[in-house]
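Q: Just passing along the structure, written as structure tokens.
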Amino acid sequence: MITLSRNKTSKLLITSFLTLVFLLMNLPGANAQDHAEEAEDHGDAVEEFNPSETIVHHVLDDHIWHFFDGHYGTLYLPIIAYSSEKGLDVFSSKNFYDDHHNLVEYKGYSLEHGLSLVDSHNSSVLDLSITKNVATLLINGLILILVFRAVANGYKKNKGKAPKGVQAVFEPVIVFLRDEVIKPNIGAHYEKYFPYLLTLFFFILFGNIIGLLPGAANMTGNIAVTLVMALFTFVITNVKGNKGYWGHIFSPPGVPMVLKPLIVLVEIIGIFTKPISLTVRLFVAITAGHIVMLSLISLAFIFGSVAVGAASSLIVLFINLIEILVAFIQAYVFTMFSALYIGLSTAEAEHH
């Protein structure tokens, strides 16, 4: 069990509080008073803070990336589109927004609901655009490569010695996953699947933690991302499944002939419910955490009260610390169940 010194705990709390303040500043409506005064000066109608729109905007994917309020705090991501009529088009998503940040058409393309790329001539479009989640996927992958290259170099330099630096941080986690999660669930032949499951764990973990940063994308809270990871496990489980695995599905032992058709149907359904459960569990857990935190932060702007803002900020600070724990738990659960499903499909006959 890890114990933090008082000094480290204080630093963690201060960092979390500053992160929360930064997030509050980035929310649409954080500068509501300034915008209201500016609108009044120009005789424009004052737009009220909409918590639902704000929460949905932060949770869903987008073609633009807001880091902080202001013109220079927005990154316009590239649009990559291919259609049979126009061929390949590459341009900035900034072209879809006018000076008042309203959506407009560009080169015959438009963004439906601010996300889906459509052609005004109703021709089919292959959308390969770099969105927030895609950019975060690339960043996450780059971080994984850099971190584990450092870990590998540490093993080479410290061969036969105590681990140091980055290696010392990640080695206990790797050993724990190998000895307590992967090996017990898969068995003696676990080494074939160890690289995949290790990558899966750290990819989800890093993605969860990145999603807690101010202005970051909700990558692991995107059902498309969790579905693809679940499909990887689904394919490995069923492609590598041995005769014993398929035999238990299509001819369950010890089941009366009258009940066999029903049990076989249940087993076949179970093949597909496993990846669905992996997909939904991670998606719901991460998205729910983001929605709860954003809802509590929105209370400060709904009530316009310093007292409510202070109270909600303290609660969000506590929930944010819990979300860091949830980031580890969800990565662990996804990896554990993936190892379990692979182990059940590849187990030798004597292990049944």
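Q: Per the 1.4 Å probe, what fraction of the accessible area of region 147-254, in percent, lies on carbon and sulfur atoms?
A: Carbon plus sulfur share of accessible area: 66 percent.
Q: When you take every Cα atom in region 137-253, what is the radius of gyration, and what is Dmax, the widest Cα pair distance, in Å?
A: Expressed in Å, the Cα Rg and Dmax of region 137-253 come to 17.5, 54.
Q: Separate question: Using a 1.4 Å probe, how large is the accessible area of Glu112, given in Å² and rounded to the nearest 10?
A: Around 90 Å² of this residue is reachable by solvent.
Q: Considering all alpha-carbon pairs of region 210-352, what whole percent are spaced by more than 26 angstrom?
A: Summing the P(r) of region 210-352 above 26 Å gives 45 percent of all pairs.
Q: So if I take the centroid of the Cα atoms in region 201-245 and the same for region 120-162, what is the distance between those two points in Å?
A: Distance between centres, Cα-based: 14 Å.
Q: What's the ranking of 91-97, 307-313 by average number of surrounding C-beta atoms within 10 Å, highest first?
A: Most protected by this proxy first, the peptides run 91-97, 307-313.
Q: Heavy-atom accessible area per residue, region 92-172, 1.4 Å probe: how many Å²?
A: Heavy-atom SASA per residue in region 92-172 reads 64 Å².
Q: Leaving out ligands and nucleic acids, note down the accessible area per residue over region 261-310 with a 1.4 angstrom probe, in whole Å².
A: Accessible area per residue: 51 Å².
Q: In region 281-343, carbon and sulfur make up what percent of the accessible area (probe 1.4 Å)?
A: The computed percentage sits at 84.
Q: Among the lysines in region 155-258, how many pairs, 8 or more places apart or on different chains, have alpha carbons under 21 Å apart?
A: Total qualifying Lys-Lys pairs in region 155-258 comes to 5.
The values are calculated or read from the model by the stated rules, or taken from the named source; none is laboratory data. Predicted, not measured: the structure shown is a model, and the values here were computed from it. Cβ coordinates were reconstructed from backbone atoms using ideal geometry, including for glycine residues, and neighbour counts include every protein chain displayed. Calculation scope for accessible area: heavy atoms of the full protein, side chains included, ligands and nucleic acids excluded. Shrake-Rupley method; radii C 1.70, N 1.55, O 1.52, S 1.80 Å.
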